[in-house]
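Below you'll find the structure, written out as structure tokens, and then a few comments.
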Amino acid sequence: MPTTNSKFFDDLAKLMSNAAGAAQGVRKEVDTLVQGQVERVLNNLNVVKREEFDVVKEMAEKARLENEALTRRISELEAKLSGAKPSDSAS
């Protein structure tokens, strides 16, 4: 009888391993389906992707810095034209 019990437990262990593998496969499938649905909903809502947001943020920062530099330059040029010192209020 010990051989029968051992075979039974071996078969049970194989069955449990197969069930665990199948459960992982189902989980991956569900994850893929859910991710597809979420992406579709976000696309329908016109939500911006993080990469796109970061690019626009960098562009805005660069434009702001250029604007500040041009504002200082204009102040300096205006001061030269009027013969006065450039003011620090434009910074």
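Within segment 1-23, how many residues are polar (S, T, N, Q) and surrounded by 10 or more Cβ atoms within 10 Å (Cβ to Cβ)?
3
Which members of segment 1-48 meet the condition of being outside any helix (DSSP H, G or I) and modelled with pLDDT of 90 or more?
Residues of segment 1-48 that are outside any helix (DSSP H, G or I), as a first pass: 1, 45-48.
Listed by number, the list holds a single entry, Leu45.
The values are calculated or read from the model by the stated rules, or taken from the named source; none is laboratory data. What you see is a predicted model; the values in this text were computed from it and never measured. FYI the Cβ positions are ideal-geometry reconstructions off the backbone, even for glycines, and counts take in every protein chain you see.
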